[in-house]
Amino acid sequence: MHEIIFDLFGTLIEKEQYDYAKALNWLADSYFKHRFQELQELSSIFKKSYMEKRRVSCMESSFKDQLIFFEKELGIHIPVDYGTIEVDFIKHFRKEKLIDGAAELLQYLHNKNYRIFILSNSLFSGSSLKAYLGSFHISHYVEKVYSSADIGYRKPSCIIFQTVLHDLGIIDPNRVFYIGDSIEKDYLGAMKSGLTPILISSTSSVDGLSFVDLQMLLDYFKSLD
């Protein structure tokens, strides 16, 4: 049995439409006494702060941090579990679709007894992203979703890759495939941490394992078997 770790956004699912204002308005109406305009202003302040942290050190903030910031600034306590709010917020915020070939690839790897994990840069927690995958009917293929929101660092930082490897008890990271669509964040980040990276891109290539799409990647794994 071998481990395979996927990037999520841009690799397995892709954007159809994002509507942050709609999600923020839902949040205001549901938990912050309809104070949408104030949430917009506070959100801009919070975003400026975490973008600066990302630029300087690859450190990550989280949606939970944002909710705590909103509560403190508005003097309102949310009497609901943050995770529940986060899952609902994602559904209001993001509209995405599976990338062609993703379900077939995951099913094949699962049937061949590969252990499948996801490591994603995101403000949202791994548990919420795992729940979100249920809407695409692929969550049962994935053992666990790791998120930069939980770990505190973003790809390509070696810290985030090493944290996942340590959690999985992997001594030899070279035997683990890491599959993503970004050269810097996914391919080079994984390579520097000792994993075997695979790039999925129709516009870029590398001197290692690189495929145009997930169908070609599936053909590659079939050739290995």
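Annotations for the structure displayed:
- Some residue of segment 113-122 being small (Gly, Ala, Ser) and in contact with a strand residue (DSSP E or B) (Cβ under 8 Å, 6 or more places away or on another chain): yes
- Restricting GLY101, GLY126 to those that are within 29 Å of LEU39 (Cα to Cα) and touching a residue at least 24 places away in the same chain (Cβ under 8 Å) reduces the list to GLY126.
- Answer residue from segment 131-150, given it is in a helix (DSSP H, G or I) and either open to solvent by 60 Å² or more (accessible area, probe 1.4 Å) or acidic (Asp, Glu) (or both) and is farthest from LEU12 (Cα to Cα) among those: ASP150
- The one condition from (1) buried (at least 17 other Cβ atoms within 10 Å of the Cβ); (2) touching a strand residue (DSSP E or B) at 6+ places or on another chain (Cβ under 7 Å) that LEU67 does not meet is (2).
Per-residue answers, yes or no, for (1) farther than 22 Å from MET59 by Cβ; (2) open to solvent by less than 30 Å² (accessible area, probe 1.4 Å); (3) within 13 Å of the chain's Cα centre (by Cα):
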residue: CYS158; (1), (2), (3): no, no, no
residue: GLY169; (1), (2), (3): yes, no, no
residue: MET191; (1), (2), (3): no, no, no
residue: SER201; (1), (2), (3): yes, yes, no
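- Taking the criterion of being crowded, with 19+ Cβ neighbours inside 10 Å and either in contact (Cβ under 8 Å) with a residue 60 or more places away in the chain or not hydroxyl-bearing (Ser, Thr, Tyr) (or both), the residues of segment 174-189 that qualify are VAL176, PHE177, TYR178, ILE179, GLY180, ASP181, SER182, LYS185, ASP186, GLY189.
- Among (1) over 26 Å from PRO197 (Cβ atoms); (2) touching a strand residue (DSSP E or B) at 6+ places or on another chain (Cβ under 9 Å), the one test that ILE4 misses: (1)
- TYR82 being hydroxyl-bearing (Ser, Thr, Tyr) and in contact (Cβ under 8 Å) with a residue 24 or more places away in the chain: no
- Candidate set: segment 71-123, residues that are among the small types (Gly, Ala, Ser) and more than 22 Å from ASP213 (Cβ to Cβ); chosen: the one most open to solvent (accessible area, probe 1.4 Å): GLY75
The values are calculated or read from the model by the stated rules, or taken from the named source; none is laboratory data. Here the structure is a predicted model, which means the values were calculated and not measured. Glycine also receives a Cβ, built like all others from the backbone with ideal geometry; neighbour counts cover every protein chain displayed. We work out accessible area using only protein heavy atoms, side chains counted, and drop any ligands, DNA or RNA first. Shrake-Rupley method; radii C 1.70, N 1.55, O 1.52, S 1.80 Å.
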